[in-house]
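S.K.: Here it is: the structure, laid out below.
Bear in mind that the values in this text are calculations on the coordinates, not laboratory data. Since this is a predicted model, take the numbers as computed values, not measurements. Using ideal geometry, Cβ is built from the backbone for each residue, glycine included, and neighbour counts are taken over all protein chains shown.
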Ligand SMILES: [Zn+2]
């Protein structure tokens, strides 16, 4: 009996193993399943059909060792782990869905497409692929701008690594020179000075606007009238500074009102990487994870210790960022929203000298004065921005 009992128990165990085989090899956390389905659909559109239920896949949240945010293990069955903390943290960003898809798609491409890391770059210095990753490389952020017009390319590239380079990544374009008509210029001929209670000082004299900010932060400094600029426009500022710390940056940006009636800022920053002795550009948005991307600015294009021209052109609902008239980056994130005003981004604990600040409207642009119509935002600060220099690992 004893033996029979064992045999029966053994059979039951074997049957149990057979009956739960699929559950053992195919388990996908409910919250991750929509992202798996999205990946499978994108694959199916391109002729890839993965039978993940049959072949096995485990997709789970895990507490991964920072800065790792996702991990794919080529085990039997395949194991994809996504960091629980990262998944929650990104909910505060408006581009949360893009960030989540980015990490899940990256891991699934390792596991289902057998894709390795690809740290190739496009002509404009941006990552070629969502598959960028691995060990730290040139101290660059692995952030891929997986928003707007870029999504289609990065999805196509995931399933076909030999995709031709997209048009938005072209490099070498110089500014056309078509600025439109000037509608605001910072007056540098009327001397004035102000020091606020925090020790920030603002001075106009000798044709220079000199700003000293008494904190380490890079600060948004609105200048000019508050308007509502719709349509195409152009804005340029020339300035120079001495960056006093590794996180310091200068930049230009626009303020606008987002879909939730909140003030938001699209900014273009430049900062120096001292290890590689090069300037890098960071397109950023205060509602999104800082920053959308990090791209190298080619040698010789700028030196912020000398007068540097930073400009933004809005054409066809897209922002183009130029440094000394050289196109550095373009993107379409919230680029169709009316602009309230233009601003500078100024580094802390150092003097920055602004030699000009001019706003232009293109012929098709329309400008409406808003209800708040101050002449000049003298010494007003509107929040801080940072370059995103820590690196996540996928
Ligand atoms: Zn990876």
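S.K.: Against the longest alpha carbon principal axis of the chain, how many degrees, from 0 to 90 and to the nearest 10, is the axis of helix 2-19 turned?
M.R.: Compared with the principal axis, the helix lies near 40 degrees.
S.K.: Hey, another quick one. For region 191-241 and region 42-118, what is the separation of their Cα centres, given in Å?
M.R.: 44
S.K.: Kindly identify region 164-220 as rounded, prolate or oblate by the Cα gyration tensor criterion: order the square roots of the eigenvalues as a ≥ b ≥ c, call it rounded if a/c is under 1.5, otherwise compare a/b with b/c, prolate if a/b is larger, else oblate.
M.R.: Here region 164-220 falls in the oblate category.
S.K.: Sort 271, 141, 356, 174 so the one with the fewest other Cβ atoms within 10 Å of its own Cβ comes first. The partial results should precede the final answer.
M.R.: Details: 271 25, 141 21, 356 16, 174 10.
With the fewest neighbours first, 271, 141, 356, 174 line up as 174, 356, 141, 271.
S.K.: Taking the number of other C-beta atoms within 10 Å as the exposure measure, put 330, 151 in order starting with the fewest.
M.R.: Details: 330 21, 151 14.
Listed from fewest to most nearby Cβ atoms, that is 151, 330.
S.K.: Under 1.5 on a/c is rounded, so check that first for the chain, then, if it is not, pick prolate when a/b is larger than b/c and oblate when it is not; a ≥ b ≥ c are the square roots of the alpha carbon gyration tensor eigenvalues.
M.R.: Judged from the Cα gyration tensor, the chain comes out prolate (a/c at least 1.5, a/b above b/c).
S.K.: Of 275, 68, 384, which has the largest mean-square fluctuation in a 10 Å C-alpha GNM of the chain?
M.R.: In the Gaussian network model the winner is 275.
S.K.: Turning to a different aspect of this structure: Could you calculate the contour length gain from residue 215 to residue 317, that is, 0.36 nm times the residue separation minus the distance between their Cα atoms, to one decimal place in nm?
M.R.: This chain segment gains 33.2 nm when fully extended.
S.K.: Which residues does a label at residue 246 reach in region 135-164, if reach means a backbone N under 11 Å from a point 7 Å past the Cα toward the Cβ?
M.R.: It comes to 139, nothing else.
S.K.: Under 16 Å from a label point 7 Å along Cα→Cβ of residue 259: give me every residue in region 323-365 with its amide N that close.
M.R.: 332-338
S.K.: A further question on this structure: Quick check: the angle from helix 96-113's long axis to the longest principal axis of the chain, C-alpha only, nearest 10 degrees?
M.R.: 40
S.K.: Tell me the mean residue ellipticity at 222 nm calculated for the chain from its helices only (DSSP H runs of n ≥ 4, each -39500 (n - 2.57), averaged over every residue, nearest 500).
M.R.: -5500 deg cm²/dmol
S.K.: Follow-up. Can you put 107, 167 in order of Cβ neighbours within 10 angstrom, beginning with the fewest?
M.R.: Taking fewest neighbouring Cβ atoms as first place, the list is 167, 107.
S.K.: Suppose each label sits 7 Å from its Cα in the direction of the beta carbon; what would the residue 306-residue 195 distance come out to in nanometres?
M.R.: In this crude spin-label approximation the distance works out to 3.3 nm.
S.K.: With a ≥ b ≥ c taken as the square roots of the eigenvalues of the C-alpha gyration tensor of region 181-385, please select rounded if a/c is under 1.5 and otherwise prolate if a/b is larger than b/c or oblate if it is not?
M.R.: On the way: a/c = 1.44, a/b = 1.09, b/c = 1.32.
Cα axes put region 181-385 in the rounded bin.
S.K.: For region 24-169, just the Cα atoms, rotate onto the principal axes and tell me the three extents in Å, largest first.
M.R.: So the three principal-axis extents are 45, 35, 28 Å.
S.K.: For the chain, find the longest principal axis of its Cα atoms and tell me its angle to the long axis of helix 33-45, 0 to 90°, nearest 10.
M.R.: On a 0 to 90 degree scale, this one is about 90.
S.K.: Now for a separate question. Report the gain in length on full extension from residue 85 to residue 170: 0.36 nm times residue separation, minus Cα-Cα distance, nm rounded to one decimal.
M.R.: Extending this stretch completely gives an extra 27.0 nm.
S.K.: Now for a different question. Defining a contact as two alpha carbons under 8 Å apart and six or more residues distant in sequence, what relative contact order in percent does region 22-67 show?
M.R.: 60
S.K.: Over the chain, what is the mean sequence separation of C-alpha contacts under 8 Å (at least six apart), divided by residue count, expressed as relative contact order in percent?
M.R.: That works out to 21 percent.
S.K.: May I ask you to derive the FRET efficiency for residue 182 and residue 114 from their Cβ-Cβ distance with R0 = 51 Å, giving the value to the nearest 0.05?
M.R.: 0.35
S.K.: Right, something else. Nearest 0.05, what FRET efficiency do residue 205 and residue 156 give at R0 = 45 Å with Cβ-Cβ as r?
M.R.: Once rounded, the FRET efficiency stands at 0.25.
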